[in-house]
Amino acid sequence: MIKNRSLTSYIEDDEEEEAKKFIEEELCFPLPKALGKRLIVKIYIRPEELTTFVNNEGKTVSIYIPEIYLENDKYSNFAALVLSVGDQCFKGDEYKENGPGCKVGDWITIARNHGGQQYFHRGVTVQNIPEDAIYDVIQDPSYVERV
Amino acid sequence: MEGTICFGNKEKWSFEKEYGFNPPRPLGARICIEQYVKPEESDAGIKLAKSEMSKRLDVADCIVGRVVKIGSACFKSEDFKHWDKADLPEVGDWVTFKITPGWKKYGPPGKGVCVITMFDDAINEKIEDPSYVSRDL
């Protein structure tokens with residue numbers, strides 16, 4: 001039987017270790033460790049290849065997003081992947097019924113101007129954010145677009 | 001989503017059923033709301049063409065929406081202690097709220113829905129029909 005002690009997380013309890021391992025393998029380095037009531041998240045950057053299709057002449061055509069737009073994602077995207085959750089996170093009354101708001105491997109949306117600090121960690125754009133900077137947990141980061 | 005009155009059959013409405021994908025799951029005392037889009041056709045059948053700019057202004061000015069998902073700690077603080085339980089919004093209810101920044105399009109490409117996640121204290125009231133309310137500057 002699938003168990004999830006969180007109402008909002010998409011990561012089941014037995015998938016937590018697997019998710020950590022998978023991310024570490026993808027990033028090729030051990031995950032950083034967040035402290036206290038803070039989390040470390042990786043900002044979502046769209047894949048370079050936007051779409052691929054076959055044209056009238058039967059050739060496969062790929063459309064790529066220009067690098068400058070992808071660079072901009074680092075400073076404007078508010079979807080992020082949870083890399084580390086501090087040990088004091090989600091212990092308040094607010095989360096009594098919910099359980100942990102999110103787990104490592106969840107995609108979340110964050111407030112970009114809420115006490116977070118952005119930096120490169122081994123070349124990857126990450127933010128160290130307080131727990132209350134999280135708005136919600138989402139299914140897919142490509143679903144979100146700023147209006 | 002264009003407005004349909006939900007009172008009475010609100011338990012039948014769910015974001016997943018309506019759009020075929022999961023809504024954002026708000027944390028703590030936050031609530032996720034979908035923008036109310038005014039119908040583009042009047043009762044008399046006149047189509048009101050809207051520019052992209054006008055649609056964007058509609059989002060920025062929006063004060064009416066439908067409750068999509070409610071965080072587990074919503075409406076449990078002291079502020080709501082004296083509220084009648086029947087007045088508290090549930091998923092599917094139309095509500096009015098304070099002007100809040102942070103609108104986002106959420107959904108697979110081409111199927112995005114305008115939603116916003118805000119704190120529960122930004123909600124003003126539950127309403128019967130979203131078309132009854134418009135912002136008066």
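Divide the volume of the convex hull around the Cα atoms of the range A:2-56 by the residue count and you get 173 Å³ per residue. Distance between the pseudo-spin-label points of A:D14 and B:D84 (7 Å out from Cα toward the beta carbon): 4.8 nm. Average projection, convex hull of the Cα set of chain A: 11.6 square nanometres. Using Cβ point charges alone (K and R +1, D and E -1), the dipole size of the protein assembly as shown about the Cα centre works out to roughly 440 debye. Dividing the summed -39500 (n - 2.57) terms of all DSSP H runs of n ≥ 4 by the residue count of the protein assembly as shown sets its mean residue ellipticity at 222 nm at -3500 deg cm²/dmol. In angstrom, the C-alpha Rg and Dmax of the range B:12-129 are 15.1, 48. In the protein assembly as shown, the C-alpha radius of gyration followed by the widest Cα-Cα span (Dmax) gives 20.5, 69 angstrom.
Bear in mind these aren't lab numbers, they're just calculated from the coordinates by the rules spelled out. Because the structure is a prediction, the values reported are computed rather than measured. Positions of Cβ are backbone-derived with ideal geometry, glycine not excepted, and every protein chain shown enters the neighbour counts.
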